[in-house]
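K.L.:
Below is one structure. I have some questions about it.
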Amino acid sequence: MREVAIVSAGMTRFGELWESSLRDLFAEAALEALAAAKVDRLDSIVVGCMSGGQFVGQEHIGPLMADQIGMAGVAATHVESACASGGVALRTAFLEVASGASDLVLAAGVEKMTDGADVTAVLATAADQELEAFHGITFPGLYAMIARAHMQANGTTEEDLAWVAVKNHRHGALNPKAQFAREVKLEEVMKSSMVSDPLRLLCCSPVSDGAAAVLLCPLEHAKRYTDHPVKIRGTGLATSTMALADRKDPAFLDAVQLSGERAYKMAGVGPADIQVAEVHDCFAIAEICCIEALGLVEKGAGRHAARTGLTALGGKIPVNTSGGLKSKGHPVGATGIAQAIEIFEQLRGGAGARQVKGARIGLAQNMGGSGASSVVHVFEGV
Amino acid sequence: MAGIVGYGAYIPRNRIKAEEIARQWGKDPETIRRGLLLEEKSVPGLDEDTITISVAAGRSAIARAGIAPAKIGAVYIGSESHPYAVKPSGTALIEALGIAPEVHVADFEFACKAGTEAMFVSLGLVESGRVEYAMGIGADTSQGAPNDALEFSASAGGAAYLFGRENLLAEVLETYSFTTDTPDFWRREGQFYPRHGGRFTGEPAYFKHVESATRAILKKSGFKPADFRYVVFHMPNGKFPLQAARTLGFSKEQMATGWVVNTMGNTYSGSSPTGLAAILDVAAPGDLILITSFGSGAGSDSFVLKATKLLPERRALAPTVRSMLDGPRRYLTYGEYAKFREKIILND
Amino acid sequence: MPSPRNWREIPARYRLEAARCRGCGKVVYPARRACPACRGQEFEKTMLSWKGKVVTSTVVQVAPTEFQMEAPYAVAIVETPEGARLMTQVVDCDPGAVQPGMEVALVFRLIRREGHGGILCYGFKAVPAA
């Protein structure tokens, strides 16, 4: 396999972008990435999108997006893995370049969630339709069950969850592209309305529009496009049972652990080598579970990490410096690519006020459903 | 001899007090309490309907009978609130209870008499030897129009009776039916609430049919009112059955056990069958029991039953009517009740 | 839920039909073609008990449109004595009282309706054990 690098990135602001359609969002991010690398041709486009079909009634995303950026004729593929669609698009693009099949591949993610669809119901289609959604469970509901199981097993408290939101908003306040670029106080989180007991509104990521794109090429070509490429050292994708009920321990995200192990192994690194990480904090409890499953903290210690500052900017292992899904926003299909962009910028010193000094190795973890799919990438600045 | 081999009842846990309904419409609650003898009534949850009530009651009936469900050869559900206008209620029940597919199924409707009608036909099929076991159910999630007198009584619940020829819990000694064309209460196709003829529902309808049927079955069976330990009449409100009992020569004591209307309300097709279930919950071997239903339109079915030695041990196998009437309840405000009964117009 | 799909799921939803793997004995609910534990493909039909214990739970305050009339409602993962785990609403009690460890009975209820004119979908819900 060839070594692969990211050489440029493009990303819309995340938020309620009333003026932009699904195709506008994609085009804005994609054209920005192409312009940054001064590229006017592509071998292939891979687009992650959870549900154009349900959110805006649009399927057949691949050719639509190629056409929108004036690249009709180019190979284009739509990949879907619920909220991990972006991360899986990145992995697919990585494998395409690594295999030697393509030299220049655009990996993108896009979602338009605010066009009037029943968002709760659409997101619930990423749960098991027959065993879960049928009974009226929602995504906040599934993660609330994970939270309650985590509370039972580890003594995690509502306040521990709230600290994750406080920390990520503190990071997001420094990110001009974040949907909610403002700090929140602990009391504000604790008093916000209950969405699904014990998860409150400010422990949940928002409904967002947005798109993100990165350009991949073989590492040996990278300097043609940028002085500061970032190498993708490892990728890992794993699945777990679709239904939360079928997991031995509902408080443990085994697909996250497995995808992390695979990515670490391929990269030849371990959790101790990671200097900055973006993890899938769709709900505050998810960040706690993910940093445990990835080995960034000890199992059971995740609940203290945000409060003690361990995972804050300036801490030992800063997590979600972008603001995470919580503050930056969560246009589901775009999230995995946006996470990769944050690490891409961190590893080439371009993260501005959010910069983790001297960061050389970083990780991004993107998750689908209640953890039925998880994809991890390990990056290195070169 | 044929008779009842299993029975079961189900009453939802939601209640609304007559006082709460009266307050909504500016009526005097005392008038309702004293005039109609109604304290409160059961209300179905959003997830309860004639089918779920029938399944719950039917499951108890099978448990008490201790038979394999697949042996049941006929199932009839009597109701005026079948959830579908077209598509049977009974088909869902036979799948849920493991009775399908070798079974004859039909939904019955005869206003408040559809339950005893289902029992009557079930008994006949068993007696004829056409089927080994047959189940007759009366269940309703009754509707009464807002601000109508019916709103104080129309409630939810039902009872299921499994008939067979062996291991009887109660023998059926006699039956009788009395039917005429009397438009005292009706609901036209597509209409949400039933309408009624006010006081016309009394003398020419309820009393004429209940009294005629009861007198005739007494004559046919040779029993006198005093021979019965328990008697139950259809209970459109608290007052009517007590008045019919007085006219026919039955005492308050004979009526007390089956007269569940004051806290249950009128479960329409489930009314007198649930009263009968409350009686079977306490009857001693050898006790004679009389039941006379009434359905608007109009007609009455009467049965004379005799409790057997097997009854006391079998009734312990499922919940009693009193345990459901007196057990955990949730009292609704009129607003909650209006939501539960879908009386609020919502956007699609 | 379209009518054919609802019909196909009747044995599992109405009667709690499950499958016991002949290879490893795992009870799989609902039945599948391959055992998730040992990948065996030989099963025998088995019925779950209409009771169980809450493993974890939540109270859904913000519900999908179809369930908005019922919110707030409790949803739980319930483990039956056979070791099968199923997700279900817990009703007929204060939703806040539903907590891990609670004993429940399963009952037959209306789960959802397809608008005003569509089919009615029945299945099981949990209620506090008597």
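K.L.:
Just for chain C, what percent of DSSP beta bridges are antiparallel, to the closest 5?
P.N.:
Values: 32 of 33 bridges.
Percentage antiparallel, nearest 5: 95.
K.L.:
Could you list which residues have their amide H under 5 Å from that of B:SER296, counting only those 5 or more apart in sequence or on another chain, with H placed in the peptide plane?
P.N.:
B:CYS112, B:LYS113
K.L.:
Considering only B:PRO273, B:PRO204, B:PRO44, give the residue with the highest GNM mean-square fluctuation for chain B, with springs between Cα atoms whenever their separation is below 10 Å.
P.N.:
Top of the fluctuation ranking is B:PRO204.
K.L.:
With the Cα gyration tensor of the range B:1-114 giving a ≥ b ≥ c as the square roots of its eigenvalues, does the rule (a/c under 1.5 for rounded; else a/b larger than b/c for prolate; else oblate) give rounded, prolate or oblate? Write out the running numbers ahead of the final one.
P.N.:
Values: a/c = 2.60, a/b = 2.17, b/c = 1.20.
Since a/c reaches 1.5 and a/b is larger than b/c, the shape of the range B:1-114 is classed as prolate.
K.L.:
What length, rounded to one decimal in nm, is gained on full extension from B:GLU189 through to B:LYS220, with 0.36 nm per residue of separation minus their alpha-carbon distance? Mind dumping the intermediate values first?
P.N.:
Values: separation 31, 0.36 × 31 = 11.16 nm, distance 3.78 nm.
Going from the current span to full extension adds 7.4 nm.
K.L.:
Another question, then. Output ³J(HN,Hα) for the range B:176-191: one whole-Hz value per residue in order, computed from phi by the Karplus curve 6.51 cos²θ - 1.76 cosθ + 1.60 with θ = phi - 60°, and x for Gly and Pro.
P.N.:
In residue order, the calculated couplings are 7, 10, 9, 9, 9, 9, 9, x, 8, 6, 7, 9, 6, 3, x, 7 Hz.
K.L.:
Right, next: Output the peptides B:102-113, B:80-91 sorted from most to least packed, where packing is the average of other Cβ atoms within 10 Å over each peptide's residues.
P.N.:
In descending order of packing, they fall as B:102-113, B:80-91.
K.L.:
Can I ask one more? In Å, the Kirkwood hydrodynamic radius of the range C:3-128 over pairs of distinct alpha carbons?
P.N.:
After inverting the pairwise mean of 1/r, the radius is 15.5 Å.
K.L.:
Let me ask you something else. Using Cα-Cα distances under 8 Å and only pairs 6 or more residues apart, what relative contact order does chain B have, in percent?
P.N.:
Relative contact order, chain B: 25 percent.
K.L.:
Taking θ = phi - 60°, what integer Hz values does the Karplus form 6.51 cos²θ - 1.76 cosθ + 1.60 yield along the range B:234-247, in sequence order, with x for Gly and Pro?
P.N.:
3, 10, x, 7, x, 6, 3, x, 5, 5, 5, 4, 4, 4
K.L.:
Sticking with this one: If you take the Cα atoms of chain B, find Rg, then find the Kirkwood Rh from the mean of 1/r over all pairs, what is Rg/Rh?
P.N.:
Taking Rh as the inverse mean 1/r over Cα pairs, Rg/Rh reads 0.94.
K.L.:
What percent do you get for the relative contact order of chain A when only Cα pairs under 8 Å and 6+ apart count? Don't skip to the answer; put the middle values down first.
P.N.:
Working: 1006 pairs, mean separation 98.4, N = 382.
About 26 percent, as a whole number.
K.L.:
B:GLU30 versus A:THR239, label points 7 Å from Cα toward the beta carbon: distance in nm?
P.N.:
So the label points at B:GLU30 and A:THR239 sit 7.2 nm apart.
K.L.:
Let me ask something else. Search the structure for amide H atoms under 5 Å from the amide H of B:ALA154, placed 1.01 Å from N in the peptide plane, and list their residues when 5 or more places away or on another chain.
P.N.:
Here B:ASN266 satisfy the definition.
K.L.:
Which FRET efficiency value, to the nearest 0.05, is calculated for B:ILE344 and C:CYS38 with the Förster distance at 35 angstrom and r the Cβ-Cβ distance?
P.N.:
0.10
K.L.:
Hey, with R₀ at 35 Å, roughly what FRET efficiency would C:ALA130 and C:LYS45 work out to, going by the Cβ-Cβ distance, to 0.05?
P.N.:
Efficiency, rounded to the nearest 0.05: 0.80.
K.L.:
To continue, here is another question. Tell me, which cysteines of the protein assembly as shown are without a disulfide-compatible partner by the Cβ under 4.7 Å rule?
P.N.:
A:CYS49, A:CYS83, A:CYS203, A:CYS204, A:CYS217, A:CYS282, A:CYS289, A:CYS290, B:CYS112, C:CYS93, C:CYS121
K.L.:
Which loop-located chymotrypsin sites (Phe, Trp or Tyr not before Pro) does the range A:1-56 contain, where loop means any DSSP state but H, G, I, E or B and the Cβ has at most 16 other Cβ atoms within 10 Å?
P.N.:
Loop-located and lightly packed - A:TRP18.
K.L.:
Summarise the partner chain shielding of C:108-115 as one whole number: the mean count of Cβ atoms from other chains within 10 Å of each residue's Cβ.
P.N.:
The mean count of partner-chain Cβ atoms within 10 Å per residue comes to 6.
K.L.:
Nearest 5 percent is fine: what portion of the DSSP beta bridges confined to the protein assembly as shown is antiparallel?
P.N.:
75
K.L.:
What is the spread of the Cα atoms of the range B:170-307 along each of their three principal axes, largest first, in whole Å?
P.N.:
46, 30, 24
K.L.:
Quick one: of B:LYS219/B:LYS309; A:LYS112/A:LYS328; B:LYS219/B:LYS239; B:LYS219/B:LYS252; A:LYS223/A:LYS357, which pairs are farther than 19 Å apart, Cα to Cα?
P.N.:
In this structure, B:LYS219/B:LYS309; B:LYS219/B:LYS239; B:LYS219/B:LYS252; A:LYS223/A:LYS357 exceed 19 Å between Cα atoms.
K.L.:
Sorted by packing (mean other beta-carbon atoms within 10 Å per residue), highest first, where do A:322-332, A:176-186 land?
P.N.:
Working: A:322-332: 31.4, A:176-186: 17.4.
Listed from highest to lowest mean packing, they are A:322-332, A:176-186.
K.L.:
Another question, then. What number, in percent, do you get for the relative contact order of the range C:3-128 if the mean sequence gap of Cα pairs under 8 Å and at least 6 apart is divided by its residue count?
P.N.:
21
K.L.:
Please report, for the Cα atoms of the protein assembly as shown, the Rg to one decimal and the Dmax as a whole number; what are they, in angstrom?
P.N.:
Calculated on Cα positions, Rg and Dmax stand at 32.7, 109 Å.
K.L.:
Now, a different point. Testing the spin-label approximation: label points 7 Å from Cα along Cα→Cβ at B:ALA145 and C:ARG8. State their distance in nm.
P.N.:
Each label point lies 7 Å from its Cα, and together they span 4.6 nm.
K.L.:
Starting from the Cα of B:GLU166, move 7 Å in the Cα-to-Cβ direction to define the label point; list residues of the range B:100-136 whose amide nitrogen is under 13 Å from there.
P.N.:
Only B:132-133 fall inside the zone, counting backbone N under 13 Å.
K.L.:
Per residue of the range A:247-260, in order, report the coupling 6.51 cos²θ - 1.76 cosθ + 1.60 (Karplus, θ = phi - 60°) as ³J(HN,Hα) in whole Hz, putting x for Gly and Pro.
P.N.:
3J(HN,Hα) across the range A:247-260, in whole Hz: 7, 4, 10, x, 8, 10, 8, 5, 5, 5, 4, 5, 5, x.
K.L.:
Taking the range A:235-361 as the region of interest, what is the percent of Cα-Cα pairs per 10 angstrom bin, listed from the shortest bin to the one with the maximum distance?
P.N.:
Each 10 Å bin holds this share of Cα pairs: 13, 44, 37, 6, 0.
K.L.:
Moving on to the next point. Arrange the peptides B:22-35, A:302-315 so that the one whose residues have, on average, the most other Cβ atoms within 10 Å appears first.
P.N.:
In descending order of packing, they fall as A:302-315, B:22-35.
K.L.:
List every residue whose amide H lies under 5 Å from the amide H of A:GLU278, counting only residues 5 or more places away in sequence or on a different chain, with H placed 1.01 Å from N in the peptide plane.
P.N.:
A:ASN320, A:LEU363, A:ALA364, A:GLN365
All of the numbers you see were taken from the coordinates with simple rules; none came from a lab. Source: prediction; values computed, not measured. Positions of Cβ are backbone-derived with ideal geometry, glycine not excepted, and every protein chain shown enters the neighbour counts.
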